[in-house]
Amino acid sequence: MNHLVTGQVLLFDDDPFTVPPTEAARVLSDGAVAIDGDGRIAGVGERGRLETEFPGAARSAMGDALILPGFVDAHMHYPQTGIVASWGKRLIDWLNTYTFPAEMQLADPAHAADLAKRTLDLALAHGTTTLASFCTIHPQSVDAFFAAAAERSMAVVAGKTCMDRNAPPGLLDTAQTAYDESKTLLAHWHGTGRARYAITPRFSPTSTPDQLSALGALWSEHPDCLMQTHLSEQLDEIAWVRDLFPDARDYLDTYESHGLLGGNGLYGHAIHLEPRERDRLREVGAALVHCPTSNTFIGSGVFDMGQAKAEGLRVGLATDTGGGSSFSMLRTMAAAYEIAQLAGTALHPAQLLWLATEGSARALKMEAEIGTLEMGSAADLVALDLASTPAIAQRVAQAEDPWEAIFPTIMMGDDRAVAGVWVAGRRSAGSC
Ligand code: GUN
Ligand code: ZN
């Protein structure tokens, strides 16, 4: 049975970082997205044309809501959902005080299952249909996340977070167990349904060179898997990496020299990069993942989106919860806008929305399945009410073009703006 979702529709014909944003993107004021019986996008365009093309299709009439691909959160930590918004620490202190005790609790599979479900339901309520999550060292934390995502038909990326030093004993594995357990998990989950596996060394300070090498070897055996980690988030962290790896040319080299640099690599934060690091990341086509609410919340620094995109680096956008302070990709876009302003670039609303959808999907190498409204893509959609609060509505009443009507929701919107969410074509959550 076909199904039409009608409303305003946001379409990208091009990358708004390479083509002027208002040429790269269009808003159809009376549009529709057609979904086929397999939950895939069967057509997109003017409502009248699609009504003719799909006679008798069921309807979800979303009024003036803006229909776009579901948001893609390219880096987050579901084990940290319960400690989001924990006060007063910078990265290393924050990890030791809040994060590691919280992650220890995922030794209990029931707790892992509860957190996984809670996180995915929060994500959906905020219009996010795909997440790339770190898990904990416990293999059952990976099973819990993928199982909860499968129950919701969500396309997700996840991996066992590997650490064999500089963390409490209950959170340590070894080079061998990190390799063995990651290998077993990826054999089970990678490509099962909508699941994708990411080999996941947490970051260089919590892995010995042996563990990094073991995970590099695993990646070379499974190059179609993603690899996710953290890179150059805070200056104290970078100084620590220099002490721990005295022979490394820079932070990136601690990954590169152990086989952990590649085009399927996702490098979270990547704020304080050296020229060599930028060059190498671009040469191999790796993805940086910008986590703006986290960067302000933990006090990490100002990511220069203008420079990164001008240099041709691939960039995704992410919440990084619980280091990030929100589950909302709207709040995340707002923070990205503000941080880019501090670095001298005013990101256009089309660029922000592209980063939160297709840009992040490209970072995850999943743009053939999610993040766009292309025919054949999964019908993972969100509908945004562009007048969800009185403060937003009064600003939108004065808007003179579609971008002026959209930008207040990017800057001031939250889950109240989420009017509907579809995952693989099925209505899943939303405030209506
Ligand atoms: N670096 C290493 N681990 C983490 C983490 O859990 N959160 C953030 N923001 N940075 C990290
Ligand atoms: Zn992170």
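The values are calculated or read from the model by the stated rules, or taken from the named source; none is laboratory data. A quick note: this is a predicted structure, and the numbers were derived from the prediction, not measured. Cβ atoms come from the backbone with ideal geometry, glycine included; neighbour counts cover every protein chain shown. All accessible areas refer to the heavy atoms of the entire protein, side chains included, with ligands and DNA or RNA removed. Shrake-Rupley method; radii C 1.70, N 1.55, O 1.52, S 1.80 Å.
Return the equivalent ellipsoid semi-axes of the chain as a descending list in whole Å, where each equals the square root of 5 times an eigenvalue of the C-alpha gyration tensor.
Rounded to whole Å, the semi-axes are 35, 23, 20.
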Worksheet, complete the sentence: Binned at 10 Å starting from 0, the alpha-carbon pair-distance distribution of the range 103-165 in whole percents comes out as 25, 55, 19, 2
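Suppose only helical runs count, i.e. DSSP H with n ≥ 4. What mean residue ellipticity at 222 nm does that imply for the chain under -39500 (n - 2.57) per run, divided by all residues and rounded to the nearest 500 deg cm²/dmol?
Working: 18 runs with 158 residues, N = 432.
Per the formula, -10000 deg cm²/dmol.
Let me check against my output: what whole-number percent is the relative contact order of the chain, with C-alpha pairs under 8 Å and at least 6 apart?
Values: 1013 pairs, mean separation 82.1, N = 432.
After rounding, I find 19 percent.
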Worksheet entry | Estimated vicinal HN-Hα couplings, Hz - the range 134-143 in sequence order (Karplus 6.51, -1.76, 1.60; Gly, Pro = x) | 6, 10, 10, 5, 7, x, 5, 6, 6, 4
Worksheet item: So, in nm, how far is label A310 from label M1 when the simple model puts each one 7 Å beyond its Cα toward the Cβ?
Response: 5.4
Worksheet item: In a GNM of the chain with a 10 Å cut-off on Cα contacts, which of E277, E53, E233 has the highest mean-square fluctuation?
Response: E53
Worksheet item: Between the helical axis of 209-221 and the dominant principal axis of the chain, each derived from Cα atoms, what acute angle in degrees is found, rounded to the nearest 10?
Response: 50
Practice prompt. Roll a 1.4 angstrom probe over the protein heavy atoms and tell me the percent of accessible area of the chain that is carbon or sulfur.
Written response: 51
Worksheet entry | Gaussian network model of the chain, Cα within-10 Å springs - most flexible of H190, H269, H126 | H190
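When the chain is fully extended, how far beyond the present Cα-Cα distance does T184 get from D14, taking 0.36 nm per residue of separation? Can you show the working numbers first?
Working: separation 170, 0.36 × 170 = 61.20 nm, distance 3.91 nm.
So the chain would gain 57.3 nm between T184 and D14.
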Worksheet, complete the sentence: Simple SL model, points at 7 angstrom along Cα→Cβ for R165 and T192; separation in nm is 3.3
Discussion item. Nearest 10 degrees is fine. How inclined is helix 109-125 to the longest principal axis of the chain, computing both from alpha carbons?
Written reply: 40
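What is the gain in length, in nm to one decimal, between E283 and E374 on full extension, counting 0.36 nm per residue of separation less the C-alpha to C-alpha distance? Don't skip to the end; give the middle numbers.
Numbers: separation 91, 0.36 × 91 = 32.76 nm, distance 2.82 nm.
Value of the extension gain: 29.9 nm.
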Worksheet item: Once the piece of chain linking E23 and A343 is laid out straight, how much longer is it, given 0.36 nm per residue of separation minus the C-alpha distance between them?
Response: 112.8 nm
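Over the chain, average the accessible area per residue using a 1.4 Å probe and give it in Å², no decimals. The partial results should precede the final answer.
Working: 15220 Å² over 432 residues.
That works out to 35 Å² per residue.
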